[in-house]
Amino acid sequence: MEMKKRQEDEERSTLSELPDDIMVEILAKIPPKFLYKTFRCVYKSWYRLISSTEFMNKTAIHHNPGIFIQSVRYFRSTTNTSFLQMDGLNFNLTNLGSSMGIIRSSCNGLVLVYEPISKEVNNLCVKNLLTGPTSLTLPNCLSGCTHKHGYHGRAPGRILHTYCGSALGFDPLTKVYKVVHINNDGYGIEVFTIGSDKTWRKVPLPWPVEKPRRGDLDKFEDMKFFWRDPVSIKGQVFHWFVDSEKYIFSMDISNEKVSKTKLPYIGKTIMKEHYDLVAMDEKLAFVYKGSESKIDVWVLDDFGRQVWSMEHSIVANWEEEKKLPQFMTLVAVATWRNGEVIMFKAIENFVWDHHDFIYLYDTKSKEMKEFKMKLQYVTKFIPHRSSLVSWRTEMD
């Protein structure tokens, strides 16, 4: 027993004497949950290292991202959250329960969550789900938005919609986190800087708004337009769908400049019901359903100059058409493996007590296959990469 203890002490002593840069490389490859629960408690020097901003940013690069999948059962008024990860060719699905609230956005391991406290009180808060229950609750929006949600359509295929769009971002220049929010483009976009702002700030749109797009919960069932949470590109640029065949709204989190980004020229009139927006390898992707058997994927290569390129064309041959759904029923919801895999959800295959139909398209093999893992009542897919980052980290 004494010999074993002496050996362990020698091993610890050897580890503690390693140069910091080598220690960083070793520890950075350990999953964040083990770093937080075990390794940071071994030495004070490790605690300081693991708690540093540089180390936290480095660990995020080494670990595979996953996708939060939220299933809302409107007849039970509950939201169940799962976390889906791809490990090589295998998928791991972890059920996180129904007490998390509705996740609106993810950035650097932090999440922006909508928590319905009561029918009258609803909060947006920022938290790290890995490091514990502590969260930052944001003040009420100046616009008076309560961030409530509702359901559109008839059972059983009703769809959850929020009537505002919000997201969490990170300004790489000032090293601070910001939250953006919109529910009425006639009012403008609201911004809250964590650590310095006490209230939200209003950023007016730099063009006149003749017919404001406004979420109105009292008329939810009759609404034709719903604000969606924006597509986040590295937490630095946000893109909102605005029910247009010509453009989307975009915002750079650093300078808080709002602009209209023109949609790509595809050789014909764009139908706004036929396209989806997703993040793809740290760029915005425009996924367009041109027909029942063809989907084109365009990528915004240069945001500033608004340069698009057509990256992928998904075509179903005659044999595949018998196995796959009509492409017009597919909605692009997320991407994986640095954009190599595109995840689609079929919106017509919804039946009581049955699973949703999810399809994965591999851009390398050019194959689309049905995702065999059963998922039910899925309404939100949020890409997420776990880390030890805190909203306080960059300011400490």
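The values are calculated or read from the model by the stated rules, or taken from the named source; none is laboratory data. The model shown is predicted, which means the values in this text are computed figures rather than measured ones. Here Cβ is always computed from backbone atoms with ideal geometry, including for glycine, and neighbour counts include all displayed protein chains.
Here region 175-199 is the region considered, the condition is being under 24 Å from S106 (Cβ atoms) and aromatic (F, W, Y), and the residue that is surrounded by the fewest Cβ atoms within 10 Å (Cβ to Cβ) is F192.
The residue that is nearest to the chain's Cα centre (by Cα), among those in region 166-201 that are among the charged types (D, E, K, R) and under 17 Å from W240 (Cα atoms), is K178. Among the candidates K272, K246, the residue that is among the basic types (K, R), out of contact with any strand residue (DSSP E or B) (no Cβ under 9 Å at 6 or more places or on another chain) and surrounded by fewer than 16 Cβ atoms within 10 Å (Cβ to Cβ) is uniquely K272. Selection of strands (runs of 3 or more DSSP E) fully inside region 71-177 by the criterion of at least 2 residues being modelled with pLDDT under 85 returns 78-87, 110-116, 122-127, 149-152, 159-162. Picking from residues in region 355-382 that are touching a Ser or Thr at 6+ places or on another chain (Cβ under 8 Å) and crowded, with 17+ Cβ neighbours inside 10 Å, the one that is modelled with the highest pLDDT is I382.
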